[in-house]
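Here the structure is laid out as structure tokens; the discussion comes afterwards.
The values are calculated or read from the model by the stated rules, or taken from the named source; none is laboratory data. This structure is a prediction, so every number in the text was calculated from the model and none was measured. A quick note on method: Cβ atoms are made from the backbone with ideal geometry, for glycine too, and the neighbour counts reach across all protein chains shown. Heads up: the accessible areas ignore ligands, DNA and RNA and are worked out on the full protein's heavy atoms, side chains in. Shrake-Rupley method; radii C 1.70, N 1.55, O 1.52, S 1.80 Å.
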Amino acid sequence: AEIVGRLLARMHAVGKKRESSARLRLTPQVYGRANLQALLELRIVPADVESSYSQAVEEICGLLEPHFASLEMQRIHGDCHFGNILWSTDGPNLVDFDDMVVGPPVQDLWLIFPSRDEYSRRSWHALLEAYEEFATLDRKSLKLVEGLRALRFIHFNTWIARRWKDPAFQRVFSEFNSYKYWEEQTSDLVEQAKLLGDALAGNTP
């Protein structure tokens, strides 16, 4: 965790040096509302859950937007999970920058240890301490992690929806256009909205 934390700090130091107007911005508007609009236009979400899914997306975006107004944004990896870290005798190397976005640095940190179990919490703490040896993180952004997780859910669904006519996607994501899938997605977003609300209210450790 410590080695990866220092690596992310160095990467973010480089990312901070330039703007990137051609890249997506990881914001509630782009990853939330714009993606929701795309899903509705593609008629992917079943009619029976469309309203509740849309309401959950709107609630999450509404909770996040006041905090994004003053949030530091810069070039980040955007898809920084362990599968995109290659290890060699010289240490870890980040790969797969095709999803690079302009967003809050905390996005790359939480994706390394995305679970909520005790092991992940301890590892996250070690990662964060090592990161802050080389870079400064806006600590207020830590409260937004559950909201960022929700935006990732929405963005991933839209990514599949835009490619749904491809038979390969239909084979891999065979339940994507089912009622059960979208019912579960809606339930997950409702849970994320509650977790985000609790975090912003200071009701989580």
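Conditions (1) of a type in the set (A, V, I, L, M); (2) surrounded by 14 or more Cβ atoms within 10 Å (Cβ to Cβ), marked per residue:
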residue: Leu7; (1), (2): yes, yes
residue: His12; (1), (2): no, yes
residue: Glu19; (1), (2): no, no
residue: Leu26; (1), (2): yes, yes
residue: Asn35; (1), (2): no, yes
residue: Leu39; (1), (2): yes, yes
residue: Leu42; (1), (2): yes, no
residue: Ser51; (1), (2): no, no
residue: Glu58; (1), (2): no, yes
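Loosely packed, with under 13 Cβ neighbours inside 10 Å and not in a loop (DSSP other than H, G, I, E, B): does that describe Tyr119? Answer is yes for this residue. Within segment 94-109, the only residue that satisfies the criterion of being open to solvent by 10 Å² or more (accessible area, probe 1.4 Å), closer than 24 Å to Ser70 by Cα and out of contact with any strand residue (DSSP E or B) (no Cβ under 8 Å at 6 or more places or on another chain) is Asp99.
Search segment 10-61 for residues being free of Cβ contacts under 8 Å to residues at least 24 places away in the same chain and of a type in the set (Gly, Ala, Ser), and hand back the single one that is nearest to Asp188 (Cα to Cα). Of everything passing the filter in segment 10-61, Ser54 is nearest to Asp188 (Cα to Cα). Checking the condition in contact (Cβ under 8 Å) with a residue 12 or more places away in the chain and open to solvent by 70 Å² or more (accessible area, probe 1.4 Å), which residue from Val190, Val145, Val172 passes? That would be Val190, the only listed residue that is in contact (Cβ under 8 Å) with a residue 12 or more places away in the chain and open to solvent by 70 Å² or more (accessible area, probe 1.4 Å).
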